[in-house]
Amino acid sequence: MSYFSNKTVWITGASSGIGEALTYELVKQGANVIISSRREEELKRVQQQACQNGLSGQTGASNVYVLPLDLEAAGSFPAKVQEAIGAFAQIDIMIHNGGISQRSKVKDTLPAVQRKVMEVDYFSYIELTRLLLPHMQQRKTGHIIAISSVMGKIGTPMRSAYAAAKHALHGFFDCLRAEVWRDNIKVTLIMPGYIRTQVSLNAVTASGGKLNELGKNIGNGYPAGKTAQQILKAIRKGKFEKYVGRPLSQEWMAIHLMRLFPTLAFKIFRNAVPE
Ligand SMILES: NC(=O)c1ccc[n+]([C@@H]2O[C@H](COP(=O)([O-])OP(=O)(O)OC[C@H]3O[C@@H](n4cnc5c(N)ncnc54)[C@H](OP(=O)(O)O)[C@@H]3O)[C@@H](O)[C@H]2O)c1
């Protein structure tokens, strides 16, 4: 029996990339999964695929609940949280994963774009967490996961909004961990390196348009399926913070260099070729 058997996991950003891969892996391991993002038809495709991949006899459509959600529509969150709790009568694990990246220089980036990235990548995570906490505190159990990034630890050109949002996640969720451990609620921050997903295609530009380019690093990135397995291992082990992605890669080195030699790291990262 897997650690995730009969647990209920809510995943945002489940219509593609890392969230989609997490859904497949969790269903295989016997979890009930609530999947959210804006595109309902894509969520239904993931639901169908997840059930086909599931262990025969143990999973079915009833193990995956489709809950459309726009992370920019905070007004809808209270009702969405109640619906999510009601889907399987409890939520054991929340994986905040939905997000957008950004490709633009500070001097060109419109304030509305800076705010949009913060809204999706940061404010939605903290508000959904606030609304879900009473449920977990009442049950005296829970695990909250925030998908950050290597950009939550370093800074490079062309990523100011994205890196700001991801850095903010570390401050917030580290504080949350210090507040809720007595309620038996765990908090894990995940820092993916380059993962092969739609992330760069969906990234916003200086004026808020869609980049629509598959960058070289993302195109050659680590597979989302293997990433999902690494994330589930980190959850199982109750890690505070974990890099996931290609082992011993430049991104992995970046995190360690930043910790040990921040000035040297900065001198290297400032030359990162924007893509
Ligand atoms: N791929 C990488 O190299 C990498 C590296 C570090 C961190 N990450 C992080 O990993 C997470 C997942 O990204 P990914 O790589 O899997 O990219 P992806 O394929 O573009 O997936 C992003 C997901 O977020 C959802 N989303 C975007 N805006 C949303 C909104 N306003 N409301 C609700 N859902 C929204 C999308 O669904 P809809 O369009 O259906 O709404 C989609 O399911 C993100 O937090 C990203 O920052 C990725």
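The values are calculated or read from the model by the stated rules, or taken from the named source; none is laboratory data. Fair warning: this is a prediction, and the values are worked out from it, not measured in the lab. When we count neighbours, we look across all protein chains shown, and the Cβ atoms used for this are built from the backbone with ideal geometry, even at glycine. These accessible areas exclude ligands, DNA and RNA; they are computed on the full protein's heavy atoms, side chains included. Shrake-Rupley method; radii C 1.70, N 1.55, O 1.52, S 1.80 Å.
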With every protein chain kept in place and ligands, DNA and RNA left out, what is the accessible area per residue of the stretch 8-269? Probe 1.4 Å, answer in Å². 45 Å²
Over all alpha-carbon pairs of the stretch 104-222, lay out the pair-distance distribution in 10 Å bins, whole %, shortest bin first. 13, 39, 30, 15, 3
What is the antiparallel percent of DSSP beta bridges lying wholly in the chain, to the nearest 5? 5 percent
When a/c is below 1.5 the answer is rounded, else prolate if a/b is larger than b/c, else oblate, so apply that to the stretch 1-152 with a ≥ b ≥ c taken from the square roots of the Cα gyration tensor eigenvalues. prolate
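Indicate the gyration tensor shape class of the stretch 213-271 (rounded, prolate or oblate), computed on the Cα atoms with a ≥ b ≥ c the square roots of the eigenvalues: a/c under 1.5 is rounded; otherwise a/b larger than b/c is prolate and the rest oblate.
Verdict is oblate for the stretch 213-271.
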Enter the accessible area of Ser76 (Å², nearest 10), with the probe set to 1.4 Å and all protein chains included. 40 Å²
Top mean-square fluctuation among Gly152, Gly171, Gly142, Gaussian network model of the chain, C-alpha springs under 10 Å? Gly171
Output needed: percent of Cα pairs per 5 Å distance bin for the stretch 8-269, bins running from 0 to the one holding the longest distance. 1, 6, 13, 18, 20, 18, 12, 7, 3, 1, 0, 0
Just add up the charged neighbours of Ile231: K/R +1, D/E -1, any other residue whose Cβ is under 13 Å from the Cβ of Ile231. +3
Taking loop as defined by DSSP and a crowding limit of 16 other beta carbons within 10 Å, which GluC sites (Glu not before Pro) in the stretch 119-227 fit? Glu213
What is the stretch 8-269's relative contact order, in percent, from Cα pairs under 8 angstrom and six or more apart in sequence? 19 percent
Take Lys105, project a point 7 Å from its Cα along the Cβ direction, then tell me which residues of the stretch 158-185 have their backbone nitrogen under 20 Å from it. 158-164
When the charge dipole of the chain is computed with +1 on Lys and Arg Cβ and -1 on Asp and Glu Cβ about the Cα centre, the Cα farthest towards its positive end, among Pro192, Val120, Gln82, belongs to Pro192
What nm distance separates the two modelled labels at Gln52 and His256, each placed 7 Å from Cα along Cα→Cβ? 4.1 nm
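Please work out how much length the chain gains when fully extended from His170 to Arg115, using 0.36 nm per residue of separation minus the C-alpha to C-alpha distance, in nm with one decimal.
Taking 0.36 nm per residue and subtracting the Cα distance, the gain is 18.0 nm.
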For Leu69, the net charge from surrounding residues (Cβ-Cβ under 9 Å; K, R +1; D, E -1) works out to +1
